[in-house]
Each structure stands twice: as structure tokens, then as C-alpha cells.
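Worksheet: one structure, shown below.
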Ligand SMILES: NC(=O)C1=CN([C@@H]2O[C@H](COP(=O)(O)OP(=O)(O)OC[C@H]3O[C@@H](n4cnc5c(N)ncnc54)[C@H](O)[C@@H]3O)[C@@H](O)[C@H]2O)C=CC1
Ligand SMILES: O=C(O)CCC(=O)C(=O)O
């Protein structure tokens, strides 16, 4: 049976990476699990006057390098295992980008598509009240993730500022611009993925202009990426959302789809002629970008994939078995912990700008983002070649080494 447990899969790779770097059982025992996981119950007065209790989590992987950092997910499938794995991925991501952070991640079991605006506000504020003891601008800095956005970040920042009794923009990133958000943050994850596509295509000797691109997921990451690909002259032949997928061999009209998608990244429900997400993954293309959720590329569909390059915008979209199958077939895989780092990199820029009270131009943000992403790609790609390990293991080796060294120098292990 294939392992689809995102935590144990991550632990396998982190252990492998630490051993290859020369660390022993004590370091592995520490870094295999988050140092802290808080589970909270959040009572929310619903619009019908009844109180509903929601369960939420905040996992903090390790803070040897600096405060922990990572998004908050609102989704019915959120669970302890997922949040823990997501916090470890954040550590690796921050390590590859060389940010002064460890990884954190949060989530609430809920379905925002079925909640009103005010119910969502009460839930967001309730979550911050529940976790306020362990978060803060120098402790743990949340941000957006699946089905959370800048409005939710604004409520969370306001609630935290009220609790602390001073304005605290650096408590959270991904805020609206007028509340201390950074130019370029909303599209940063996609911008970073686009930069990774450029680098991967250069390695494979494929030109972006006219290349066939398929993107699974049309939310924050997927839709902006489709726009960037379309603007760069690539042909986006397939996109999808939670319900279905759209395919057009001549290229989809991305501007139209962007205009018509809803705030949860849903658009396929407006069309009759759709294909399944499974069929989408098997489209003949140059670049395939999973930008939705975990465990989409597995041992049962990896051999159907016809892409030359896979760039993971989503966290954990490919199982370890599928990673091996894809790598063995010569497909270049740019793993999540490298490819999706654009979001947290520009979140870091936002936090720096908040701390300085001095704000940068979009061109400055973009150029700094490009430098950091390209540096990360080169480190991972070179190690992958040098040590003859797959791109995921190389990424973990690059991403965990600073944290392990910080742990050692602090004398924790
Ligand atoms: N928003 C951010 O800054 C970052 C997001 N990510 C990752 O990117 C991925 C997508 O995140 P966002 O775009 O922010 O989320 P989102 O909530 O804006 O969009 C998610 C998209 O995936 C689709 N989707 C959900 N379940 C699906 C399924 N089973 N099959 C196919 N499509 C499905 C949704 O319909 C929607 O189009 C997640 O893995 C997230 O953790 C990674 C780094 C940063
Ligand atoms: O912007 C951030 O701090 C975190 C983004 C995030 O949750 C992720 O990269 O998965």
C-alpha cells in the first residue's frame, strides 16, 4: 500500500536528509516532529443565534533559526497530521530561501464556502484569541493559505492588536496594502512558481513561448500562475478546480476565466464541457503544475503523466512513491518546498517592511524575490546532481541544514 500520510512521508525524507548531512538520532528525533502543537476550540455565534464550536490548530516546528512562520488554512479536511506536516514543510521552505524563520502552520476545520462574511470574521477573531499566547511578530507569524485571504488577515491583525493594545502589523502577513501589506504578496506564490518554471525549462532546453502548461487548482496560486504563463506567451491548455477541469488544445482564455472565477477559485461550474481532474493530470504538456491540495500525483497515476517538467505550487501534491516513479522517468520535478516559496519570501519582505515602517516598490519586491528563488533553485539542483539524489531529497538537505546547525550551536542537541 502506498503511503499517503503526509507526516510520515515527510519524516522519511527529513530523516534521510539529516543522515546524509551527518546528523544522528537525537537531531532526527527533534526535527521529525513540531516542537509545539496547540489544539483550540473556538466558539462562534452563528447568524442564526446558535453557537457552533470549531476546532483549530497551530503547529510550530522549530524556532532555533528564528520565529516560526506559515499560513492558516480554512478547510473541512484540516487535521492534526496535515498541520504538523505543513509546519515541517514551512521550515524546509524557509531554510532553502535562507529566511530567518522556522516553520509554522495553522488551520481550522470549517467550510468557509458555507459561512457568511460576519461568521468568518467571528471565527478568524476567535482563532487569534485562542492562539494569542504562542504567536506574535517575534514568535510565530501567520499568513494566508487555502481558503484564507487578505480580509481574514486584516481581521486577525486587528484582533491581535486589540489584545496587545498596540498596532501590530508585523503579527501577520498577506494583509491588504492599506494595513501594511506588501506590494506583490498576493501573486507572490505564483510569481515564484513562474520563476521556477523558467529555471526548469532552461535546464530542459524548452522555450516558454508556445509551451503547453497545465495547472491543477485555480485559486490564489493557480490562477495568478495561469495569468503569468498566458502573459509570457505559454499556452495554458488545462486548468481545474475542486469540481472539474477545463481543456482546450489551442489554449484557454485565461483573462476570461480570471474574471469569472469566484473568491474560492471555482470556475468550472460555469461550463458544460469539462473533463475530470484525473484526466487533466494526464494531458500531454511541457509543464504540469499541481496548485491545489495534497496527494494528487500518486503511484496509481504517475505513469500516465506526460509532462516533461512538474513544478509543485501546492504543498505535498506528490507522494514519495510517485516522486520516485517520476524521477526514474526523467521528468524534472521541482518540489513544493522550493517551488512554492515565493509566498513566504514576500511575506518575509512584508514583515521586514512592517518592522522598518518603510515600504518598497513592486519592482524591488519582484527583483529580490527572483534573486532568492533562483539562488534556491541553483543550490537544490547542484546538490541533486552532485549527490545523485532526487530533487526532493536535495531540497530537504539544503532546507534543513541551517536549522540543524542552529539547533546544535544553541546546544539543544
Ligand atoms: N496562498 C499561498 O500563499 C500559498 C499557497 N500554497 C499552496 O498552494 C496550494 C493552493 O493554495 P491557494 O491557491 O492559496 O488556495 P485557494 O484556496 O486559493 O485555491 C485552491 C484551489 O484548489 C482547488 N481544489 C481544492 N481541492 C481540490 C481537489 N481535490 N482537486 C482539484 N482542485 C482542488 C480549489 O477549487 C481552488 O481552485 C495549497 O497547497 C497551498 O498550501 C503554497 C504556498 C503559498
Ligand atoms: O506566507 C507565509 O508566511 C506562508 C505561506 C504558506 O503557508 C506556505 O508557503 O505554504
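The values are calculated or read from the model by the stated rules, or taken from the named source; none is laboratory data. Please read all numbers here as calculations on a predicted model, not as lab measurements. For neighbour counting, all protein chains shown are included, and Cβ atoms are generated from backbone atoms with ideal geometry for every residue, glycine included.
Apart from one condition, residue 318 fits all of (1) more than 14 Å from ligand 1 (Cβ to nearest atom); (2) in contact with a helix residue (DSSP H, G or I) (Cβ under 9 Å, 6 or more places away or on another chain); the exception is (1). In region 244-266, the residues that are closer than 18 Å to residue 146 by Cβ form Cβ pairs under 6 Å with partners that are within 16 Å of ligand 2 (Cβ to nearest atom), at six or more places apart or across chains, as follows: 265/219.
Going through (1) farther than 24 Å from residue 186 by Cα; (2) out of contact with any strand residue (DSSP E or B) (no Cβ under 6 Å at 6 or more places or on another chain) one by one, residue 265 falls short only on (1).
Is it true that residue 119 is at negative phi, in contact (Cβ under 8 Å) with a residue 12 or more places away in the chain, surrounded by fewer than 21 Cβ atoms within 10 Å (Cβ to Cβ) and within 13 Å of ligand 2 (Cβ to nearest atom)? Here the answer is no, as residue 119 does not meet what is asked. If you go through region 214-238 and keep only what is closer than 16 Å to residue 189 by Cβ and in a strand (DSSP E or B), you end up with 215, 216. Residues in region 278-330 that are farther than 17 Å from residue 2 by Cβ, in contact (Cβ under 8 Å) with a residue 40 or more places away in the chain and in a strand (DSSP E or B): 287, 288, 289, 309, 311.
Against the test of being at pLDDT 95 or above, within 16 Å of ligand 1 (Cβ to nearest atom), in contact with a helix residue (DSSP H, G or I) (Cβ under 8 Å, 6 or more places away or on another chain) and farther than 24 Å from residue 328 by Cβ, the options 374, 346 yield a single qualifying residue, 346.
When you check residue 98 against the structure, is it out of contact with any helix residue (DSSP H, G or I) (no Cβ under 9 Å at 6 or more places or on another chain) and in a loop (DSSP other than H, G, I, E, B), yes or no? No. Can you find a residue in region 66-76 that is in contact (Cβ under 8 Å) with a residue 60 or more places away in the chain, more than 12 Å from ligand 2 (Cβ to nearest atom) and within 27 Å of residue 167 (Cα to Cα)? For region 66-76, residues in contact (Cβ under 8 Å) with a residue 60 or more places away in the chain, more than 12 Å from ligand 2 (Cβ to nearest atom) and within 27 Å of residue 167 (Cα to Cα): present.
Could you go through region 399-409 and let me know if any residue there is touching a residue at least 40 places away in the same chain (Cβ under 8 Å) and farther than 24 Å from residue 86 by Cβ. Yes, that holds for at least one residue. Any chance region 331-342 includes a residue that's at pLDDT 95 or above, assigned to a loop (DSSP other than H, G, I, E, B) and surrounded by fewer than 24 Cβ atoms within 10 Å (Cβ to Cβ)? Yes - at least one qualifying residue is present in region 331-342.
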